[in-house]
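Below is one structure, written out as structure tokens; the observations come after it.
Please treat every number below as a calculation from the coordinates, not as lab data. A quick note: this is a predicted structure, and the numbers were derived from the prediction, not measured. Note: ideal-geometry Cβ built from the backbone for every residue, glycine included; neighbour counts use all protein chains shown.
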């Protein structure tokens, strides 16, 4: 007989006074911390100042949170937040009663836009281009996404579509329906994406133009995100539409990522000594 796994953990790890340490926050931070140490190794190998890495971490965190928050409000609940604009950036709900809510609702597509803007600002304050920063962010991007999905799993949010597979989960905080554990699928998929991009970036280091790693990451992430939406519970979904908002936002990622990855696939040869071309032995 089919038996689903009931999953109903407390989202709060520990609560002291008015402070609550949540699984989501801890896992969100874990992804960034692990990414920081991986990039630190890469920066040292490339002899790039660690001060640049410290700035990149700060801009990445702020850009991700603000972009994800604003994106969620604009893409998924514009009707409400257009009437309550202060609640977009403030962790409070003012109606019907004042309530501290934290930042509930973060959209990954908004985070991507936030990072683009953050790295553009950062490139103006350093000697590195925005494409260089995007490449470095893409190397550890899958790792951060994987831990965020674990946070979603601990929060019993972003649940999957109903199913009768033997590994189905019931999330009592949502309903009593057996569903795909898409958060765990996402963890495995994004962790695999991280290992692939990390390995690929080492293989092509110095052989491709700046922006290539990011473009490939964008292309693959768009495909993965688009595909996984088919087994999610669609919170914002038009019954008459073939695709939902997340899939619609993923399409530009796929197209632009593919085009840019192709255009940056080969780095022009840098002839440091132009006389070398004349030292080739003549053919007989």
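Of the peptides 45-54, 142-151, the order by per-residue mean of other Cβ atoms within 10 Å, starting with the highest, comes out as 142-151, 45-54. Note on residue 255 and residue 14: the model spin-label points, each 7 Å out from Cα along the C-beta direction, lie 5.1 nm apart. FRET efficiency for the pair residue 192 and residue 124, taken as 1/(1 + (r/R0)^6) with r the Cβ-Cβ distance and R0 = 41 Å, rounds to 0.75. Computed from the C-beta positions of residue 230 and residue 210, the FRET efficiency with R₀ = 35 Å rounds to 0.55.
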